[in-house]
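**Q** Sending over a structure as C-alpha cells; questions will come in a sec.
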Amino acid sequence: MSHRPGRAQWLLRIFFGLFAFVLTGLPQSALAVPSFARQTGLACEACHTVFPQLTPFGRVFKASGYTLFNTQKVEDIDRTKQSTLSLSDLPPISAMIIAGTSSVAKANDADSSKVSTDFPQQASLFYAGRISDNIGAYFQLTYDDQSGSIGIDNTDIRFADVANVDGHNVIYGVSLNNNPTVQDLWNSTPAWGQPFISAPSMQTPAIPGAQIEGAMAQIVAGLSAYTFIDNSLYVEAGVYRSALQGQSVANNGNTTNNIISGVAPYWRAAYEWDWGKNSWEFGTFGISAALENPTTPAGNAINNSLQSAPTDRFLDAGLDSQYQFIDDETQISIDARWTHENQNLDASYVAGFASNKSDRFDSANLIAGYYWHRKLGASLGFFAVSGSNDPLYLGTASGNSNSSWGTAEIDYLPWLNVKLGLQYTAYMRFDGASSDYDGAGRNASDNNLLYAYLWLAF
Amino acid sequence: MKLRLVAILVAGACLAASLAFAEDNAAGRAAEAKATTTCQDCHGPKGDSTVATFPRLNGQQADYIAAQLKNFRDHSRSDPHAQAYMWGMASQLDDSIITELGKYYGGQTPTPPQSGGALAAEGKKLYLSGAPAQNVPACATCHGAHAEGNSIMPRLAGQHADYLKKQLEAFRSTLRENDIMHANTKDMTDSQIEALVSYLAND
C-alpha cells in the first residue's frame, strides 16, 4: 500500500495552504490605516464621512492640534512633574497614491492625445500627528507626475490647547501653514474643497480663480491664531508672507513674481450648529494681498527689481456653508462657496497689461454628495466664475473669463481607505462663450472630460 | 507609653488614609480632565451627548461604564462602533482611571425619558411585564422599576432612541455579544423594539 498522498489529498493540502495564506496574508484593517488612525486607534469613520471630508469630531481633532492619541509613548518629566517629552512609539507616517486616466472630448491641439494616463498621478508621504502634548503637524511631501518633481505640499503645524471658561469649552491655538484655508475645519473653503481630486492640469483648461483659491498654495507662509468655542464658534486671524521654496526656484524660470508686499492679512469666522445627525456651518473668510511684480491671466508679467516693484492689490472676501447628515447608512454633504475679489490693477494697468484700472471677479460653487454605507457614493457639482470685461488682462477672445461647468461623480470604496472614482466634467461656458471661445473654433464642450481614478491611502 | 503607641498608630493610619485619598483624588482629577477635554467631544458636556451615535453617559451606572471601558480595552465588545471609536480610546486607560471615569459620569444628572404616546404605553407594559410569547422577560427585573439600572446593568431611561434601538438589534443578531441579552432579545419583534425605545428614550 502506498503512503504517498493521493490526488484528493494533494488538492486538500493546496486548498488549506491557500486558505491559510489568505487568512494570514491579507492585511488586517487595523494595520492598513493612515497616520491619524495609527495615532488615535480610531477608524476612519470617526473623523471622516469619506476621506477627505471631515465629521464634526474630525473638526475637533484638527482644531485640537492633531494631538489626540491612544498609543504607547516615550515620556519624560522634570522635577516638578511637568511633562517635557511625549513622543508616540509609533511614528504617524502614512502615504497615498493616486492613479488616473482621463479623456477629453476634443484634443487640446493637433499634437496632443485625447487620452492621458498617469501612474502614479500623484504619490504623497505624510507626517501627520502629534509632536508633543500641544503641538501637532500635518506635513505632506508630494511627487507629481506632471512636473516629474517632488515638493513640499500642504503643511499645517499647530499649537493648540483647551480651556474651560465659564462652562464653555474653548479650544485655542496657532497655525503655521503654507496655504490660506489649509488650516480650516470645513470642506467648503478652497484648500480642502471639492472636487477633492481632478484630472491632471494638462487635460483640464486653465480657469482663473480668486487669489485665495489656490494661487498662493505652497508659495506662502502664514501664521494665524484661532479659537473654537463649544465646537461651534470659530474665529481666526492671521497674516501671510511670500515664501520661496527650493522647488519653485528650480522649476519656475522667474521667481520674482506675485510676491506679497509686506504681509497679507487673513480672516475667518464660522458658526456650526449640530443637532441630531445634522450639522450646518455658515461662515466668512478672506485675504487682502498686494502682489509685487504681478503676472496676469493673459500671461504677461512685470519683472522689475523687487526693491522697487509695483503692485496689483487684491481683496478677497467669501461666504461659505456646509451641511452634513451623518449616520451609519447615509452620509449626505452639501458644500457651497462664493468668493468675491476686488482687483486694483495699478501696476498691470500702467504697464499696459490691463484694460481697466480695477476689475472685479466672482467665483461660486455648490456641490451635493450622497454616500451609502460609506461604500457607494454619487455627487453633483455646479461651478461658475464671472468678472469684468478686461481683454488685455484676461487675454481671451471675448474679453472676459466668464465660465460655468458642472461635475458628476460616482465613487466606490471597497475598503474605507480605497476609493475608485469616475468623474465627468461638462463645460457650458468657457472664457466668455459657449462656442468658438478662442477664435479658432474650440467650443466649451470640447473641454468636457471623463476621468477615472484610484486613490489609495495607507 | 501605650498612649503614645496608640497615638502613633492612629497618626500612621490617618497618613495612610490621606495618602490613599490623595491618590484617589489624583485619579479622580485625571478622569475629570480626560472627560472634559476628550470624552466630551463625542459624548457631550457631562456626558449629555447630542448625537445618537454616541450614547449619553450622564447618570449612567458607574459599574456599567467601567465594565464597558474594560470590554473596549480587551476587545471583548466588538460591535462596529466599539471597534471604530472605543477600542482606540480605551486602549491606554488603566484600571484606576476607568473606575474614576465611571464615578464621574455616574455622578452627573441623568436625562429623563421623554413622555411618549400610545407606543410608549405599549413599551411600558413590555418593560414592566415582558412578553412571554417571545421569551422576553420583564426588563425591569434587572434594569430597575424606572429603568435606572443597577451596578453592571445599565440605566436605559433617557438614552438616545437610535442608540437603544441599535443595541437591542445588535444583541438580537449577536453583532454585540452578550449571552443574557441575546437570550432576552432573540425572538423580539421590530415593533416590540420600537415600543420599548419609545417608552425609555429621549431623542
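**Q** Only one of (1) at the interface with another protein chain (Cβ under 10 Å from one of its Cβ atoms); (2) in a loop (DSSP other than H, G, I, E, B); (3) more than 14 Å from the chain's Cα centre (by Cα); (4) not aliphatic (A, V, I, L, M) is not met by B:Gln40, so which one is it?
**A** So B:Gln40 meets the others, but not (2).
**Q** Follow-up. Scan the range A:77-95 and give yes if some residue there is within 19 Å of the chain's Cα centre (by Cα) and hydroxyl-bearing (Ser, Thr, Tyr), otherwise no.
**A** Yes, that holds for at least one residue.
**Q** Also, quick follow-up: Pull up the range B:52-102, narrow it to residues that are more than 14 Å from every other protein chain (Cβ to nearest Cβ) and polar (S, T, N, Q), then point me to the one that is farthest from A:Pro56 (Cα to Cα).
**A** B:Ser96
Here's the yes/no breakdown for (1) surrounded by fewer than 22 Cβ atoms within 10 Å (Cβ to Cβ); (2) closer than 19 Å to A:Val385 by Cβ; (3) in contact with a Gly (Cβ under 9 Å, 6 or more places away or on another chain):
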| site | (1), (2), (3) |
| --- | --- |
| A:Ala290 | yes, no, yes |
| A:Gly299 | yes, yes, yes |
| A:Ser305 | yes, no, no |
| A:Asp312 | no, yes, no |
| A:Gln322 | no, no, yes |
| A:Thr330 | yes, no, no |
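**Q** Residues of the range A:276-301 being β-branched (Val, Ile, Thr) and out of contact with any strand residue (DSSP E or B) (no Cβ under 8 Å at 6 or more places or on another chain), which ones?
**A** The answer is A:Thr296, and nothing else.
**Q** Now a separate question. Being surrounded by fewer than 17 Cβ atoms within 10 Å (Cβ to Cβ) and either touching a helix residue (DSSP H, G or I) at 6+ places or on another chain (Cβ under 6 Å) or in contact (Cβ under 8 Å) with a residue 12 or more places away in the chain (or both) is true for just one of A:Ala351, A:Ala378. Which residue is that?
**A** After ruling out the rest, the residue left standing is A:Ala378.
**Q** Show the residue pairs that are 6+ apart or on different chains and have beta-carbon atoms under 9 Å apart, the first residue being within the range A:227-241 and away from chain B (no Cβ under 14 Å), the second being of a type in the set (Asp, Glu).
**A** A:Thr227/A:Glu236; A:Leu233/A:Glu272; A:Tyr234/A:Asp184; A:Tyr234/A:Glu272; A:Tyr234/A:Glu281; A:Glu236/A:Asp184
**Q** Does B:Tyr127 fit the bill of being in contact (Cβ under 8 Å) with a residue 60 or more places away in the chain and in contact with a Cys (Cβ under 6 Å, 6 or more places away or on another chain)?
**A** It is true that B:Tyr127 is in contact (Cβ under 8 Å) with a residue 60 or more places away in the chain and in contact with a Cys (Cβ under 6 Å, 6 or more places away or on another chain).
**Q** Got a sec? Which helices (runs of 4 or more DSSP H) wholly within the range A:1-104 have at least 1 residues that are within 14 Å of chain B (Cβ to nearest Cβ) and at pLDDT 90 or above?
**A** A:44-47, A:56-63
**Q** Please go through (1) part of a loop (DSSP other than H, G, I, E, B); (2) under 18 Å from A:Gly209 (Cα atoms); (3) under 22 Å from the mean Cα position of the chain (by Cα) for A:Arg374 and return the number of the only condition it doesn't satisfy.
**A** Result: A:Arg374 passes all but (2).
**Q** If we scan the range A:417-426, do we find a residue that is of a type in the set (Val, Ile, Thr) and closer than 25 Å to A:Trp455 by Cα?
**A** yes
**Q** Can you work out which of the residues in the range A:74-105 that are closer than 23 Å to A:Leu42 by Cα and in contact with a helix residue (DSSP H, G or I) (Cβ under 8 Å, 6 or more places away or on another chain) is surrounded by the most Cβ atoms within 10 Å (Cβ to Cβ)?
**A** Only one residue fits best here, namely A:Pro92.
Per-residue answers, yes or no, for (1) modelled with pLDDT of 95 or more; (2) part of a helix (DSSP H, G or I); (3) touching a strand residue (DSSP E or B) at 6+ places or on another chain (Cβ under 7 Å); (4) under 26 Å from A:Asp230 (Cβ atoms):
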position: B:Gly28; (1), (2), (3), (4): no, yes, no, yes
position: B:Thr50; (1), (2), (3), (4): no, no, yes, yes
position: B:Arg56; (1), (2), (3), (4): yes, no, no, yes
position: B:Gln60; (1), (2), (3), (4): yes, no, no, yes
position: B:Ala66; (1), (2), (3), (4): yes, yes, no, no
position: B:Ala84; (1), (2), (3), (4): no, yes, no, yes
position: B:Thr99; (1), (2), (3), (4): yes, yes, no, no
position: B:Tyr105; (1), (2), (3), (4): yes, yes, no, yes
position: B:Leu119; (1), (2), (3), (4): no, yes, no, no
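**Q** Looking for something within 16 Å of B:Gln61 (Cβ to Cβ) and either assigned by TED's automatic domain parsing to the domain that holds B:Thr36 or surrounded by fewer than 20 Cβ atoms within 10 Å (Cβ to Cβ) (or both) - is there at least one such residue anywhere in the range B:115-136?
**A** The answer is no, given that none of the residues of the range B:115-136 is within 16 Å of B:Gln61 (Cβ to Cβ) and either assigned by TED's automatic domain parsing to the domain that holds B:Thr36 or surrounded by fewer than 20 Cβ atoms within 10 Å (Cβ to Cβ) (or both).
**Q** Listed residues A:Asn400, A:Asn344, A:Asn417, A:Asn389; which is free of Cβ contacts under 8 Å to residues at least 40 places away in the same chain and touching a helix residue (DSSP H, G or I) at 6+ places or on another chain (Cβ under 7 Å)?
**A** From the options A:Asn400, A:Asn344, A:Asn417, A:Asn389, the qualifying one is A:Asn400.
The values are calculated or read from the model by the stated rules, or taken from the named source; none is laboratory data. Source: prediction; values computed, not measured. Because the Cβ atoms are built from the backbone with ideal geometry, glycine has one as well, and the counts that use them run over all protein chains shown.
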